[in-house]
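Heads up: the structure comes next, in C-alpha cells.
The values are calculated or read from the model by the stated rules, or taken from the named source; none is laboratory data. Quantities reported herein were computed from a predicted structural model and do not represent experimental measurements. Here Cβ is always computed from backbone atoms with ideal geometry, including for glycine, and neighbour counts include all displayed protein chains.
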Amino acid sequence: MNTIDYPYEKNAYTLYSNALCPYAQRAVRAFKAAKVPYKLVEIDLKNKPEWFRLVNPQFKVPVLRTPDGSLLIESLVVAEFIAEQFPQTHLLPATALERAQLRLFIEIFSSRFSPFVYRTLMASSKDEQESRKESLLAGVREISKELERQWERPSGQGGPFWSNGKFGFAEIATASFVGLLVPLGHYRSVVVPKTQEYAGFNRWAEAISKDPLFTETKVEDNALNEAYKKFVAEEKQ
C-alpha cells in the first residue's frame, strides 16, 4: 500500500510550478489572465520531493490538479485548458480560423525561436555561436512577419499584442521565452536589431515587457542570468 501523499487544495485548482521554468510560467500567466484563484505549489527542480512522482511520473512542471482530482501535464495543454474552462476571459479567439492562426503562430515561435535560445547558449565555438545566433535571428524575422500579418487582420487590431489589443494566449505561450533574450544578451551578446525587418517583433516584445501579466511574474535579470548559466558552454578557441 502506498503511504506517500502529496499536497493539494481540496475542491480547488492546485498548480505545481517553478518560477524559473519558462514552460511552467505559461500556466501561471493563464491563471492570472483568467483571474481564477488557485493554490501554487513551488517545486524545487534541483531537489524534487519524492511525492512529486505521484503528480507527474516524468517529474516535470507544470502540473495542474483540477477540483475533481484530475491531473494535467504539458504547459500548453494546461494553459489551453484554463482558457477553455473560463471562456468569459476571451483568451482564445472566437472563430476556428482565428484559433488555427494563433496555433500556427505558437508553432512557428516554438520551432524557430525557443530551441535556438538554448542552442546558442550551448554553442562552444565562435563559429557555432554565430551560426546559431543567425538561425535565431532568422526565426525572429519570421515571427516579425507573422505579427505584422496578424495586425492587418480584424482580430489583430493593429497590435501591439496578437489579438484584441491585449496580452492574450499568444503572449501566455511565448512571453517567458522572449524574456530569455536577457541571458542571451548577457552571455552571447545577442541583440535583436532595431531595423525594419525586426520592427514587428521589437514592438511586440516591448509591449510584453511592460504588461503586468509579464512584469508581476517575471524573474529578475540577475536571477535569470544565474539560472541559465548552467546552459552556457565553455568557449573553445
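The figures follow:
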{"read-out": "Residue match in the stretch 198-212 (condition: part of a helix (DSSP H, G or I) and of a type in the set (Lys, Arg))", "value": "yes"}
{"read-out": "Criterion (more than 19 Å from the chain's Cα centre (by Cα), surrounded by fewer than 16 Cβ atoms within 10 Å (Cβ to Cβ) and over 30 Å from Phe201 (Cβ atoms)) met by exactly one of Ala96, Ala12", "value": "Ala12"}
{"read-out": "Matching residues in the stretch 127-156 - criterion: being within 23 Å of the chain's Cα centre (by Cα), of a type outside the set (Gly, Ala, Ser) and farther than 16 Å from Phe201 by Cβ", "value": "Arg132"}
{"read-out": "Residue in the stretch 188-210 that is among the polar types (S, T, N, Q), in contact with a Ser or Thr (Cβ under 8 Å, 6 or more places away or on another chain), crowded, with 21+ Cβ neighbours inside 10 Å and at pLDDT 95 or above present", "value": "no"}
{"read-out": "Of residues in the stretch 110-129 being small (Gly, Ala, Ser) and closer than 20 Å to Arg29 by Cβ, the one surrounded by the most Cβ atoms within 10 Å (Cβ to Cβ)", "value": "Ser114"}
{"read-out": "Qualifying position, being surrounded by fewer than 14 Cβ atoms within 10 Å (Cβ to Cβ) and touching a Leu at 6+ places or on another chain (Cβ under 8 Å), among Glu84, Glu107", "value": "Glu84"}
{"read-out": "From Leu40, Leu76, residue being within 30 Å of Glu226 (Cβ to Cβ) and assigned to a strand (DSSP E or B)", "value": "Leu40"}
